[in-house]
1. Taking the alpha carbon gyration tensor of region B:55-141, what are the square roots of 5 times its eigenvalues, largest first, to the nearest whole Å?
2. Taking the Cβ of B:LEU10 as the centre, find all other residues whose Cβ is under 13 Å away and add up their charges (Lys, Arg: +1; Asp, Glu: -1).
3. Give the residue list of GluC sites (Glu not before Pro) in region A:21-119 that are DSSP loop and have at most 15 other beta-carbon atoms within 10 angstrom.
4. To the nearest 20 debye, what is the magnitude of the charge dipole of region A:96-170 about its Cα centre, counting +1 on the Cβ of each Lys and Arg and -1 on the Cβ of each Asp and Glu?
5. Relative contact order of region B:46-139, please, whole-number percent, based on alpha carbon pairs below 8 angstrom and at least 6 residues apart.
6. Please compute the average number of Cβ atoms from other chains found within 10 Å of each residue's Cβ in peptide B:60-71.
7. Are there DSSP H segments in chain A that both extend 24 Å or more along their axis (alpha-carbon positions) and score a mean Kyte-Doolittle hydropathy of at least -1.0? List them, or say none.
8. Only counting other Cβ atoms within 10 Å, I'd like A:VAL35, B:VAL113 sorted with the fewest neighbours first.
Amino acid sequence: MIPVLETDRLILRAPKAEDFDRFAAFFGSDRARYVGGPITREQAWRALAAELGHWHLRGYGRWALEEKETGAFCGIIGLWYPEGWPEPEIGWELMDGFEGRGFATEAAIAARTYAYDVVKLPTLISLILHENIGSARLAERLGATLEGEFTHQRLGLMQVWRHLGPEAVQ
Amino acid sequence: MTTTIHIPTLETERLILRGPQASDLDALAAFLASDRAGFVGGPLGEAESWRTLMRIGGQWVLRGYGMWIIEHRETAQPAGWAGILHYHEWPEPELAYSLFGGFEGQGIAYEAVAAARDGAARLFGITRPISMILPDNTRSIRLAQRLGAVLEGPGQVMDLKVDMWRHQAPEASA
């Protein structure tokens, strides 16, 4: 089951087929170079399916962000722990045109709260490629601290950011 | 509104066809790491096998139909997969199937794929799916023939030249 969360400006809901065009446009673009892209539309479709399959296999996963005001699908954010990951992370991607408005921060806080309160995860990381300065800044804004490095088989060397724990965000 | 990922279950004499589970990873990874997986895009590592499991689960939400994991009742082990595969570039819904190592020669594939074909017709209205099979995959071709599928002609998927086999509606082949 994929729950719906709500923040001031966003709805966090299950990804759906209607999100595909914008999802594929982002993952096909140069902006996706820090998150395993750019990839073809065919690969993007599998990736969207994988977002949903993660929920099925783990019982938690990443939500599609919908801007309340317009109903627009504007990002993918949430909990990600596939095989090959060292531990569960908060991962985020904003679709083209939705950067710079604090949406990722707003949604990441909601996802973090859900991870601690509902999934009962004891701790969370974010894996961030060194060149992905914007993402590292977001981790900092969330109170995360740079802890070390991890080499992923496919994605290569990444920074490990440790998020504030359950007690710290009460 | 919350979204529920609902994957129906099919049962046959010796098998249960069900949604993928995290506990299927070892069996799937062993299969995808083996030479047997050469016909389905392998061999693949553990992380890639997990991605395959995620895609199988997620396609059910995006399409409303998908592939089942075949569970062998007697041993409670995953024995393969069968069901409707329909990735983005697929020309149409495909009845796809693979049997993991150690389960060959017992008619398990036939039992599973016949159930999946009938289930796809009954539950999703997919009555005459194709199967895309590499021309040298003789085991798979033999199974398609036993199921009553008919060779329709050459096709292509993911840069692979395949043969398109057309299954018949369950009543017609019974």
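Laboratory data are not the source of any read-out in this text; all were calculated from the coordinates shown. Source: prediction; values computed, not measured. When we count neighbours, we look across all protein chains shown, and the Cβ atoms used for this are built from the backbone with ideal geometry, even at glycine.
1. Listed largest to smallest, the semi-axes of region B:55-141 are 21, 16, 12 Å.
2. Values: positive: B:ARG14, B:ARG18, B:ARG73, B:ARG117, B:ARG122; negative: B:GLU11, B:GLU13, B:GLU71, B:GLU111, B:ASP118.
Value of the local net charge: 0.
3. Here the sparse-neighbourhood loop sites are A:GLU69, A:GLU99.
4. 100
5. On the way: 114 pairs, mean separation 19.4, N = 94.
The value is 21 percent.
6. Averaged over the peptide's residues, the number is 3.
7. For chain A, where a helix must reach 24 Å along its axis and average at least -1.0, the hits are A:41-58.
8. Neighbour counts put them in this order, fewest first: A:VAL35, B:VAL113.
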